[in-house]
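K.L.:
I have a structure here, written as structure tokens, and I will follow up with some questions on it.
Just so it is clear, none of the values below were taken in a lab; they were calculated from the coordinates. Not measured: the values here are computed from a predicted model. Backbone-built Cβ (ideal geometry, glycine too); neighbour counts: all protein chains shown.
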Amino acid sequence: MNLTWHIIKKDLRALKWPLLLWALVIVAKLGVGVMLLTADGTEEAEWFTRMSGLSQVLASFECVNFVLAAAVIQQDLLVGTRAFWVTRPISGGRLLRAKLLTLLLVFGLLPLLITLPWWLGCGYGLREIGWAVVETSTIHLACVLLGILWAVVTDGFGRFLMWTLVTLFAVPTLTGTITYYLWRGRARWDSDLLVERWAVGSVFAIGAILVVVAHQYLTRRTVRSIGLIAAATSVVIAIGVFWPWRLKLDERLYERLMAMEANSWPASAEPPGLNFAIAAAQLDLKPDGKGGTQVSFARIKYRVDGLKDSQVLMPYWAEHTWRWADGSEQKGTTWSRSGMGEIVAEKALGVAMKNATEGLYADTVSVVASAKGPGVGTKLQTQATAFTLPARLQLMRFDSATLVPLQAGSRDLEEGVGTRVAHVEKIGHELHVTFIRHQPNLWIDQRGHWYPPVKQFTQYLLVNRKTQGVNRGMKVDLRSTRIGSVNISWHEAVYSAGKTPPGRHRATLDDINALNEAELMKVTFVEQARFTHVLAADPLKFATDPMKFEPGNP
């Protein structure tokens, strides 16, 4: 074991400066994130965009670790007869263990230790840190595997780089070209099958790389190792072109994530006294796309009776089911929103909301349910359709309304979600407030469309008690970026306390006086309960005049 650690220390000493520079790139990327979170808000939106671009460039530089991984391998060459380690009592297996430990320490552990303070500073809990560790490790170790493939069978950096670039270019190019000429007569591509081919090919490639590396270290038969690389490359291309079986990997992953989400949602009883009923439903029809595929949306409003004046219902992403009389069914995604928070806020403040969102009321939740397939819009419109939605709901209660000083403030942090007022400025009859917000942005949540419910949420409202007016502001220049599994967003909210809405420049003196009299309030809601309510209609009746989208419109 002492000899193994001696090899590790020797490699680290030899590559200390390149490795230090690579670590500084990660630090610089996270430093950009810190700059964005601590900005004073006087910068223009273009500054945020430039800093976001810089962070992406630095993140791409992290991927040069495949070159550093090759340098670690080629500190002790496996090709030729002049390698120094061959003259010492070091076996190929021991050298392999030493190299793997070095790669694991440098490209597995080091990035995590550098990024951990960033995650902790952003309020990440154990769950968020765990998944962020998986993401970060996957990215870096994938690059390492790419780097060591040709490093073990070449005798210098030049040949390694040439063959690595050739492989990166040739494999996808040959796969795409052969696939195109073999299947160009088909009416449409099966995108799900292409994704599965890519997944199966990637798994096979990872296994093949590990086999080649182990074989070369244990036997040093370079010609045979290169033959294994050629054979594995041919198999990967064949998988990309001919793989015929549907393993339904994507669907299985989706079902697994949905099961995880269902298990994480508490099975608490529905609060007593609440009554749910569908109030209205309308179809948004889109024209058929390529291959006759159509995606339509049902916009459904349901009423909720029995809420107290201080209570708010927050709906979360859920999965619905369509069923038709012929026995067919289809599952889809459902997005919901509610204007209850705005209405409850105005009641709690004792003033009237002048610009509440149209169509959203204190007792109404709006749902957008998707359906896809050839002619699915016509099917929904002409056939009796049963609709089932196990709606995930969070019952929130008004907690407090606090005055926000019209100046930059500290960050409010709750369960990894942080909000800070970065800049406040009065311009004519408008109050411009710059908010900087961050929250977890994990691949697992994006794939499952699952954003964990928070124990509390806040709204920032401009309140004029003299005129009994409330303005929730208008967002402008919304920008966002992702740094180290954290989403950072920057936006400016424009408030108006008078009759002239934000963006209109012909304000009266009364509008300016109303702004001077107004106060910026932070309204906070806290959780009371989480539950699932199954909303069902058989059949679901739509309005007679469906909404239609013109071609080219979103």
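K.L.:
Which of the listed residues, GLN439, GLY473, VAL463, is farthest toward the dipole's positive end in the range 434-512, when Lys, Arg count +1 and Asp, Glu count -1 at the beta-carbon?
P.N.:
VAL463
K.L.:
Sorted by mean Cβ packing within 10 Å, highest first, what order do the peptides 200-210, 165-175 take?
P.N.:
Highest mean packing first, the order is 200-210, 165-175.
K.L.:
Let me ask something else about it. Which value in Å is the Kirkwood Rh of the range 44-99 over different Cα pairs?
P.N.:
Numbers: mean 1/r = 0.0690 Å⁻¹.
Computed over Cα pairs of the range 44-99, the Kirkwood hydrodynamic radius comes out at 14.5 Å.
K.L.:
Can you flag which of LYS426/LYS475; LYS248/LYS301; LYS455/LYS522 are past 24 Å Cα-Cα?
P.N.:
LYS248/LYS301
K.L.:
How much net charge surrounds ASP510 when only the other residues with a Cβ under 12 Å from the Cβ of ASP510 are counted, with Lys and Arg +1 and Asp and Glu -1?
P.N.:
0
K.L.:
Now for a separate question. Classify the range 1-119: rounded, prolate or oblate, from the alpha-carbon gyration tensor (a ≥ b ≥ c, eigenvalue square roots; a/c under 1.5 rounded; otherwise prolate if a/b is larger than b/c)?
P.N.:
prolate
K.L.:
In addition: Helix 157-183 versus the longest principal axis of the chain: what angle, 0 to 90°, nearest 10, using Cα atoms?
P.N.:
60 degrees
K.L.:
Which trypsin sites (Lys or Arg not before Pro) in the range 45-103 pass both tests, a DSSP loop state and at most 12 other beta-carbon atoms within 10 Å?
P.N.:
Counting only loop positions with at most 12 other Cβ atoms within 10 Å, the trypsin sites (Lys or Arg not before Pro) in the range 45-103 are ARG82.
K.L.:
Report Rg (one decimal) and Dmax (nearest whole number) for the chain, counting Cα atoms only, units Å.
P.N.:
29.1, 91
K.L.:
Can you list which of the trypsin sites (Lys or Arg not before Pro) found in the range 427-497 are DSSP loop residues with at most 15 other C-beta atoms within 10 Å? Could the numbers behind the result be given before it?
P.N.:
Numbers: sites: ARG437, ARG447, LYS455, ARG465, LYS466, ARG472, LYS475, ARG479, ARG482; in loops: LYS455, ARG465, LYS466, ARG472.
Filter output for the range 427-497: LYS455, ARG465, LYS466.
K.L.:
May I pose another question? Test of understanding: express the Cα radius of gyration of the range 428-497 as a ratio to 2.2 N^0.38 Å, with N the residue count.
P.N.:
That ratio works out to 1.42.
K.L.:
Continuing with this model, one more query. For helix 110-121, report the angle its Cα long axis makes with the longest principal axis of the Cα atoms of the chain; keep it between 0 and 90° and round to the nearest 10°.
P.N.:
10 degrees
K.L.:
Let me ask another. In units of 2.2 N^0.38 Å, what is the alpha-carbon radius of gyration of the range 143-251?
P.N.:
Cα Rg divided by the expected 2.2 N^0.38 Å: 1.19.
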